[in-house]
Amino acid sequence: MKTVSEIIDTCQDLYDDLSFTVARRWKEAEEGRKVVGYMPVYVPRELIHAGGMLPLGILGGGESLEVIHGDAYYQSYICRIPRSTIELAITKRLDFVDGMLFPSICDVIRNLSGMWKLMFPEVYVRYFDVPQNFKDGVGGNYYAQELEELREGLEGVCGRKITDDDIRRSTAIYNENRRLVEEVYSFRAAAPWKAPSFEVYLLMRAGMVLPVEEHTQLMQDYLAAAEAEDRPMRDNCRIIVQGSFCEQPPLNLVKSIEMAGCYIVDDDYMLVTRWLMEDVPLDGDPIGNLASSFLHQSIETACKYEPDGSRKGQFLLDTVRKRAAEGVIFAAPSFCDPALLDRPMLVHKLNDNNIPNISFKYAENSGQMQPIREQAGTFADSIKLWSDA
Amino acid sequence: MNTQTATPEIIKEASMLKQKEMIATNYDKLTNTQESGDKVVSTYVPGNLNELIQCFDVLNNLPEINAIQNGMRKKSGGMIMEAEKMGHSEDVCTYVKADIGNMSKGSIAPNGKPMPIPDLLLLSYTGCFTFMKWFELLRDQYGCDTTMLHVPYKGDGVATSNMRDYVVKQLKEDVIPALEKTSGVKFDIDRLRENLRRSAKAEDDLVWVLESAKNTPSPIDAYFGGVFYIGPIFTAFRGSDDAIEYYKLLRSEIEERIAAGKGPVTPEGDMGEEKYRLVVEGPPNWTSFRDFWKMFYEEGAVVVSSTYTKVGGVYDYDGFRHDPDNPLESLADYCLGCYTNRNLPERVDMIEKYMDDYSADGFLINSIKSCNSFSAGQLLMMREIENRTGKPAAFVESDLVDPRYFSPSNIKNRLESYFQMIDQKRRAGGSAPRAA
């Protein structure tokens, strides 16, 4: 059996590798293989996989990439993920990527899709829109047709038809992957000292670059290894991190929160791994099933409209209760419109329910963690000293 | 010695007085609903459904316009800081914060009376993600009825039938029933057709006005003057007789200016010699609007075309008109075609065409901190336009209604350098556009 440290070392190597060597090797292993990149926050990876292609999560350049060219494309008041993503492309780190999907998350990522079209005309580029109307006959019909158009576009990339059976098979594989992701999250929430958050984070990041089948196996290995490992329980409080669904925090930030006395028992990093909360049905129309799951079984986040005002923030509140969290840390990237505009409403909901919360901002290359450690540490102390629990 | 400089008298033409009266009347109606019993719908400028709203005899309130009014009256700065004190991030859109800050101060309209709480929030989510969050924030404050129209983004530069059908279905199943419920008025499609017919008539004259800038000298400034010209058609008056009358009046004034060989009207009267013809991308700054404009007309720079005047509807580039024969589909096409709902390649194509059609000397971007919908990607757009046209481009930065982000000396220096650059290019005979 692999040890935790062996598994996490592998994940760390994948995280550090900004040339995406594993994905390149996957592509080179067989003639005609294709890779389709996607940005946060959600794309139906099942369709890419069904075409025999590798879905590759592009989450910016992180803390170690020096952005030289990318800054020339963006004003100072725009977040860092698009500039480091442009940097990755200009420096040819993405030159093996055959298609790029830009999900509906904000105006910056939306406009990046157009920039990609202008800068890399040889790449298949699609702005992937999703409905903000959640009625089956309205948003559902629209979304199903969008999925059909995506299927057609992806067929152009992989050079063959993507059949309904292909999609069903891939859906089953992703269902299993989502079940394992949920298992890892539940395992951490039940015994956070056994699954430190930086490990869970790296494990999920591995899912951005590995074939889904390998990622599922890796999570199974991790669960077995973490369960077997004897780790001391600390006197930490239990918190949820909210607002980090697009530009990712530096790994040191994740570690710092925990070092400051907070166990992270849930988060919204890489939501694509658990956007759909239930298994997608495998019988019947596979496109219709993906559409229906999106409408009725998807996670709540800032990039989705909440039709019922009284339920705004309810998903977060429910997660606090489900994970027995004692507080929420709003950690959003600077200049992140969805997270920062959503935050006051979520804070409102938490305050109404006496859930302690704090806020700070970061950039993917933030280097100075001391202020964050102090803020999180004070927050943890205040929960332990003064909370009702 | 008297060192005071007399403020020049602002020249008002008949069309300006007409628009002023229209706006004042609308604000009076909005602030008189307790007495009149009129219902109020709050909605946004891009993708607004004014013709439809009018079918239900309800009043139309536009939060962006209120923010602009407060910006031009130098009141928005305090409102923004108030919203920031309430926990709204310094990083996000200042229209949103000015609106929320205004609410906390009693939502006072430009006529000094309090604005009513809307009876319905109608979000038409077109071309700007922030609208969706703004709308949720307003709902959080007001707790009133809401309905939403999601307009898909034209990511591939085309409005597909799927997109159009989606918008039309939402109109039928969500928006119209919500308006019926709020107003108690049954929807009458023939009434909508009439409103659309009136819109198309006004739109014809608007396009004529915008295209008059092809003349040399241009009789209009299509950015600083343009924001007034689009006022009625972008706001509460599209589809009304008032709008038709306004554009007829404006057109006749401009015809006279062309006949007289005059340039644009500025706040200080007729502009002097036209030296530079520019295409401008991005919204203006509202808190120092007149100072900003002055930096142009003092140098003889006239804006012959602008993208901001297309944010509430594009009528010139591909000839769209509201169509009474296809009323709901036409509203969908209108929403889908608003400027910031078009992808970047299409925006670049539009600007390139404007540069050519309007014989522009240069391209200027006023990049707005608050508005990622416009701003993200503008530096690439600038390079594309320079490459394609061979004309010099420049970039200044400001904000919509946050006075902290308007730095007059920096902007003036950049503009002066830019005008010198245009002169140098002219002397050098200009540079050739990139080969196709």
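The values are calculated or read from the model by the stated rules, or taken from the named source; none is laboratory data. What you see is a predicted model, and the numbers here were worked out from it, not measured in a lab. Counting neighbours? That spans all protein chains shown, and the Cβs are built from the backbone with ideal geometry, glycine included. All accessible areas refer to the heavy atoms of the entire protein, side chains included, with ligands and DNA or RNA removed. Shrake-Rupley method; radii C 1.70, N 1.55, O 1.52, S 1.80 Å.
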Requested in this report: Work out, in µm²/s and without decimals, the Stokes-Einstein translational diffusion coefficient of chain A at 25 °C, 0.890 mPa s, Rh from Kirkwood over C-alpha pairs.
Outcome: 115
Query - Directionally averaged projected area (convex hull, Cα atoms, segment B:231-384), nm² - result: 10.4
Query raised in the report: Around B:G112, with a cut-off of 14 angstrom between Cβ atoms, what is the net charge of the other residues, counting Lys and Arg +1 and Asp and Glu -1?
Result: +3
Query - Surface accessible to a 1.4 Å probe, per residue, for the residues of the protein assembly as shown, Å² - result: 36
Query raised in the report: Calculated FRET efficiency, A:D95 and A:R231, Cβ-Cβ r, R0 30 Å, to nearest 0.05?
Result: 0.10
Requested in this report: Would you mind computing, in nm to one decimal, how far apart the modelled labels at B:N326 and B:N111 are, each placed 7 Å from Cα along Cα→Cβ?
Outcome: 3.9
Query raised in the report: Roughly speaking, what is the centre-to-centre gap between segment A:288-305 and segment B:283-319 when only Cα atoms are used, to the nearest Å?
Result: 40
Query raised in the report: Over all pairs of distinct alpha carbons, what does the Kirkwood formula give as the hydrodynamic radius of segment B:125-246, in Å?
Result: 17.4
Requested in this report: Find how much the distance from A:D17 to A:D381 grows on full extension, using 0.36 nm per residue of separation minus their present alpha carbon separation; answer in nm with one decimal.
Outcome: 127.4 nm
Query raised in the report: Buried accessible area for the B:A pair, summed, 1.4 Å probe, in Å² rounded to 100?
Result: 4700
Query - Förster-model FRET efficiency, 35 Å R0, B:T160 and B:D357, C-beta, rounded to 0.05 - result: 0.80
Report summary line: Cα extents of segment B:46-94 along the principal axes, largest first, in whole Å, come to 40, 22, 16
**Report entry** Percent of Cα-Cα distances greater than 20 Å, calculated over segment A:67-148
**Finding:** 41
Query raised in the report: What's the Cα-based Rg to Rh of segment B:185-270, Rh via Kirkwood?
Result: 1.08
**Report entry** For A:338-349, mean number of other protein chain Cβ atoms within 10 Å
**Finding:** 5
Requested in this report: Bin width 10 Å, alpha-carbon pairs only: give the P(r) of segment A:302-377 as whole percents, running from 0 to the bin holding the largest distance.
Outcome: 16, 46, 32, 6
Report summary line: Measure of exposure for A:L282: accessible area at 1.4 Å probe, Å² rounded to 10, is 80
Query raised in the report: In square nanometres, what is one fourth of the surface area of the convex hull spanned by the alpha carbons of chain B?
Result: 22.2
Requested in this report: Please state, as a whole number in µm²/s, the translational diffusion coefficient that the Stokes-Einstein equation yields for segment A:35-87 at 37 °C and 0.692 mPa s, with Rh defined as the Kirkwood radius across alpha carbon pairs.
Outcome: 265
**Report entry** Pair-distance profile P(r), taking every C-alpha pair of segment B:59-153, with 10 angstrom steps and integer %
**Finding:** 16, 50, 31, 3
**Report entry** Ordering of B:103-110, B:225-232 by packing [mean C-beta count within 10 Å, highest first]
**Finding:** B:225-232, B:103-110
Report task. Would you kindly find the accessible area of A:Y77, with a 1.4 Å probe and non-protein molecules such as ligands, DNA and RNA excluded, rounding to the nearest 10 Å²? Result -> 20
Report summary line: Mean other chain Cβ within 10 Å across B:313-326 is 0
Query raised in the report: Across the residues of B:130-140, average count of Cβ atoms on other protein chains within 10 Å?
Result: 5
Report summary line: Under the 7 Å Cα-to-Cβ spin-label approximation, B:K186 and B:E35 lie apart by a distance in nanometres of 3.3
Query raised in the report: In the calculated pair distance distribution of segment B:33-192, what percentage of Cα-Cα distances lie above 26 Å?
Result: 31
**Report entry** Hits among lysines - C-alpha to C-alpha of B:K201 under 20 Å, sequence gap 8 or more where chains match
**Finding:** B:K18, B:K248, B:K310
Query - With at most 14 neighbouring Cβ atoms within 10 Å, loop GluC sites (Glu not before Pro) (DSSP) excluded, longest segment of chain A - result: A:279-389
Query - DSSP beta bridge pairing in chain B, given as percent antiparallel to the nearest 5 - result: 10
Query raised in the report: Binned at 10 Å from 0, what are the whole-percent values of the Cα-Cα distance distribution for segment A:188-307, short to long?
Result: 11, 35, 36, 15, 3
Query raised in the report: With labels modelled as points extended 7 Å from the Cα through the Cβ direction, what inter-label distance (nm, one decimal) is found for B:N413 paired with B:A428?
Result: 2.3
Report summary line: Listed by chain and number, the lysines with an alpha carbon less than 27 angstrom from that of A:K2, same-chain partners under 8 positions apart left out, are A:K27, A:K194, A:K255
Query raised in the report: Can you pull the percent of the protein assembly as shown's accessible area that's carbon plus sulfur, 1.4 Å probe, other chains left in place?
Result: 48
Report summary line: The answer for the per residue Cα convex hull volume of the protein assembly as shown, in Å³, is 179
